[in-house]
Ligand SMILES: NC(=O)c1ccc[n+]([C@@H]2O[C@H](COP(=O)([O-])OP(=O)(O)OC[C@H]3O[C@@H](n4cnc5c(N)ncnc54)[C@H](OP(=O)(O)O)[C@@H]3O)[C@@H](O)[C@H]2O)c1
């Protein structure tokens with residue numbers, strides 16, 4: 001059998017020869033200009049892949065980067081040098097398995113799954129089997145779809161790179177955002193004392209308190225890195241504070257985990273700060289670093305267990321229908337989001 005052809009397709013999928021999908025022919029920074037709804041053929045799956053009937057997808061900062069093709073190294077990372085390689089920039093998904101390719105074990109048509117796929121702003125999407133696992137039973141599809149990218153990043157930042165343990169003082173910068181809203185909850189689940197940094201407004205403060213933060217700091221009123229309080233771990237997901245300021249808010253042996261931060265830089269996009277942190281780290285007592293999140297079923301399972309145990313709950317700010325995906329991305333770009341934005345299909 002040709003590895004590019006679907007090995008098992010249910011009657012429903014084969015009957016539906018085309019599907020509704022958000023499509024993008026060129027890179028661009030404005031979602032309203034580059035994304036549109038179209039009727040396209042169903043994706044074909046190959047060996048080790050799964051066709052998912054998408055019930056919901058979600059938006060994160062990476063969605064914008066993939067749509068815009070910025071910073072430029074994103075394009076070289078397999079997303080298309082001159083034009084987008086994938087039909088749309090959606091990656092997180094929740095849905096039901098429609099069909100499985102050869103060599104896929106443990107997943108079967110009808111299973112409710114969540115994870116990471118390709119071009120997930122569509123009725124059907126292709127995913128690698130090792131990036132999917134059973135959906136948390138207590139979440140809606142929209143809630144579940146907000147977990148994979150942001151939740152995996154938060155889990156790995158807290159557990160692996162921050163090495164957060166019981167009683168550690170943790171500062172989460174960007175706590176009202178996608179990664180930050182999960183990071184606050186994961187750090188609390190690991191027994192930390194969490195100070196959450198967010199922007200002005202009662203809604204953002206109320207959200208981060210509801211996530212379990214012990215202290216909330218409005219970064220528009222107070223500098224959370226003025227050094228008056230020192231933290232064992234700083235998880236930085238927003239604001240691009242200079243390394244020197246972040247370091248003065250860390251204990252002598254504290255850990256700085258730079259998850260990301262938005263800049264206008266078309267070539268480096270803030271990664272220069274992350275590179276400088278990694279270069280400096282061997283010469284100082286503090287551990288300064290960054291990482292690229294790993295998309296894997298094992299950590300999706302850890303997240304599912306935390307969700308089903310009631311330790312973490314996605315904070316879904318708004319849900320948009322598929323046709324309004326550009327508005328969903330715009331909502332994130334406008335900076336008003338509290339938590340996550342979902343797209344339902
Ligand atoms: N390393 C990886 O593998 C990885 C994975 C996922 C994401 N990322 C990166 O991590 C970053 C966060 O992603 P996300 O999806 O969570 O984005 P997001 O939902 O937009 O969250 C970022 C948050 O940063 C906060 N912020 C903005 N300016 C700030 C400032 N001056 N000081 C403090 N906080 C500020 C915003 O909240 P307020 O308005 O409340 O301040 C915003 O909610 C992005 O740069 C993304 O590209 C990296």
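Every number in this text was worked out from the coordinates using simple rules, so none of it is lab data. Worth saying up front: this structure is predicted, and the values here are computed from it rather than measured. Please note: Cβ atoms are built from the backbone with ideal geometry, for glycine as well, and neighbour counts cover all protein chains shown.
Here the Gaussian network model covers the chain, with springs between Cα atoms less than 10 Å apart; of 184, 52, 97, 97 fluctuates the most.
Please label the shape of segment 150-290 as rounded, prolate or oblate, based on the square roots a ≥ b ≥ c of the eigenvalues of the alpha-carbon gyration tensor (a/c under 1.5 means rounded; beyond that, a/b larger than b/c means prolate, else oblate). Rounded. Taking square-rooted eigenvalues a ≥ b ≥ c of the alpha carbon gyration tensor, is segment 291-341 rounded, prolate or oblate, where a/c under 1.5 means rounded and, failing that, a/b exceeding b/c means prolate? Note, shape of segment 291-341 comes out prolate. Build a GNM of the chain with springs between Cα atoms under 10 Å apart, and of 261, 178, 115 the one that fluctuates most is 261.
Extension gain for residue 266 to residue 85 (0.36 nm times residue separation, less C-alpha to C-alpha distance): 63.2 nm.
Relative contact order of the chain, taken over Cα pairs closer than 8 Å and 6 or more residues apart, is 18 percent.
Hey, with R₀ at 41 Å, roughly what FRET efficiency would residue 323 and residue 47 work out to, going by the Cβ-Cβ distance, to 0.05? E between residue 323 and residue 47, to the nearest 0.05, is 0.80.
Distance between the modelled labels on residue 112 and residue 18, one decimal in nanometres: 3.2 nm (7 Å Cα→Cβ projection).
Kindly state, to the nearest 0.05, the FRET efficiency for residue 226 paired with residue 305, given R0 = 35 Å and r defined as their beta-carbon distance. Please list the in-between numbers first.
Details: r = 38 Å, r/R0 = 1.08.
Efficiency, from the Cβ-Cβ distance: 0.40.
Averaging the sequence gap over all C-alpha pairs within less than 8 Å and six or more residues apart, then dividing by the number of residues, gives segment 150-290 a relative contact order of 21 percent. Cα centroids of segment 150-184 and segment 93-118: 28 Å apart. Note on residue 166 and residue 26: their simple-model spin labels are 5.9 nm apart, each label 7 Å out from Cα toward Cβ. The overall shape of segment 266-320 is prolate: from the C-alpha gyration tensor, with semi-axes ordered a ≥ b ≥ c, the ratio a/c is 1.5 or greater and a/b exceeds b/c.
For residue 336 and residue 193, the FRET efficiency from 1/(1 + (r/R0)^6), where r spans their Cβ atoms and R0 equals 30 Å, is about 0.55. For the chain, the longest principal axis of the alpha carbon atoms and the long axis of helix 271-280 meet at an angle near 50°.
Please give the helix 178-189 orientation as an angle from the longest Cα principal axis of the chain, in degrees from 0 to 90, rounded to the nearest 10. That helix lies at roughly 70 degrees to the long axis. Ranked by how many other Cβ atoms sit within 10 Å of their own Cβ, fewest first, the residues 190, 79 fall in the order 79, 190. Largest GNM mean-square fluctuation across 66, 155, 333, computed for the chain with C-alpha springs under 10 Å, falls on 333.
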